[in-house]
Amino acid sequence: MDLNWLSIGEAHDGLVTKKFSSEDLVKACYDRIKKTDSKLHNFLTLTEDSALASARAADKKIAAGEQLKSLEGIPAGIKDIFNTKGIRTTCSSKMLENFVPPYESTPTKKLKEEGYVLLGKNNMDEYACGASTETSAFGPSLNPWNSEYVAGGSSGGSASAVASGQAFFALGTDTGGSIRQ
């Protein structure tokens, strides 16, 4: 079974029925990231150690017969505009290249409450100003289906990560049409 192409619902059901573990899902995502991200450039920061720890915590809940929350144990990427406490957040800008926020953004706090597993921070247009991820100070994300095209929108790293099977879902934003592009 190729785990990378399951829907969130299928991944959740597979965890609950013990067809695979959250650790299996996380490892499948990182295997895919390691094979494809040098070309696609969807992730600016990876959080592999903490992702595996979160997956193992979800797996312990499953083993103990505890009920999982809707996103518990499901690996995801987060657009690098969202502050993640203790994890580098650059907004794809050299100015913030080494910024590590002291607090969590509201959206990521809510995802944490649902037990998601953070794989890392996704590339984007610098400060989300753009429509193609080409203004990232760290280079553009590419469309996984045709690398001659952009990934689309300022959330291109998030979109491409999901479309390429690197993550089960990813958080993006839409200020000026990013998601629609």
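The values are calculated or read from the model by the stated rules, or taken from the named source; none is laboratory data. Keep in mind the model is a prediction, meaning the values are calculated, not measured. Every residue, glycine among them, receives a Cβ derived from its backbone with ideal geometry; neighbour counts consider all protein chains shown. Side chains included, ligands, DNA and RNA excluded: accessible areas come from the protein's heavy atoms. Shrake-Rupley method; radii C 1.70, N 1.55, O 1.52, S 1.80 Å.
The single condition among (1) crowded, with 22+ Cβ neighbours inside 10 Å; (2) within 27 Å of A57 (Cα to Cα); (3) not acidic (D, E) that S141 does not meet is (2). Comparison of S50, S21, S54, S38 shows that the only residue that is open to solvent by 90 Å² or more (accessible area, probe 1.4 Å), modelled with pLDDT of 95 or more and small (G, A, S) is S38. Among the residues making up segment 96-136, those that are open to solvent by less than 60 Å² (accessible area, probe 1.4 Å), in contact with a Leu (Cβ under 9 Å, 6 or more places away or on another chain), at pLDDT 95 or above and outside any helix (DSSP H, G or I) are G115, Y116, V117, L118, L119, G120, K121, N122, N123, M124, S136.
Name the residues in segment 35-69 that are in a loop (DSSP other than H, G, I, E, B) and either closer than 21 Å to S155 by Cβ or within 13 Å of the chain's Cα centre (by Cα) (or both), would you?
Going through segment 35-69, the residues in a loop (DSSP other than H, G, I, E, B) turn out to be 41-42, 47, 64-69.
Residues satisfying the conditions are H41, N42, T47.
So is F169 closer than 18 Å to I81 by Cα, within 14 Å of the chain's Cα centre (by Cα) and of a type in the set (F, W, Y) or not?
Working: closer than 18 Å to I81 by Cα: yes; within 14 Å of the chain's Cα centre (by Cα): yes; of a type in the set (F, W, Y): yes.
Yes, satisfied.
Please specify each residue of segment 1-34 satisfying the condition of being in a helix (DSSP H, G or I) and more than 15 Å from A76 (Cα to Cα). Before you say what the answer is, go through the steps one by one.
Here is the first cut: in segment 1-34, the residues in a helix (DSSP H, G or I) are 3-5, 8-16, 22-34.
Those that are in a helix (DSSP H, G or I) and more than 15 Å from A76 (Cα to Cα): D13, G14, L15, V16, K34.
Can you tell which of K34, K18 is farther than 30 Å from V100 by Cα and of a type outside the set (S, T, N, Q)? After applying the criteria, what remains is K18. Among the residues of segment 152-167, just one is in contact (Cβ under 8 Å) with a residue 60 or more places away in the chain and open to solvent by 20 Å² or more (accessible area, probe 1.4 Å), namely V162. What do you reckon, is K79 modelled with pLDDT of 95 or more and open to solvent by 40 Å² or more (accessible area, probe 1.4 Å)? So K79 fails the test. Taking segment 70-95, which residues are among the small types (G, A, S), in a loop (DSSP other than H, G, I, E, B) and more than 11 Å from G115 (Cα to Cα)? Of everything in segment 70-95, those that are among the small types (G, A, S), in a loop (DSSP other than H, G, I, E, B) and more than 11 Å from G115 (Cα to Cα) turn out to be G86, S92, S93. With respect to being farther than 30 Å from S136 by Cα and surrounded by fewer than 19 Cβ atoms within 10 Å (Cβ to Cβ), G65 fits the description.
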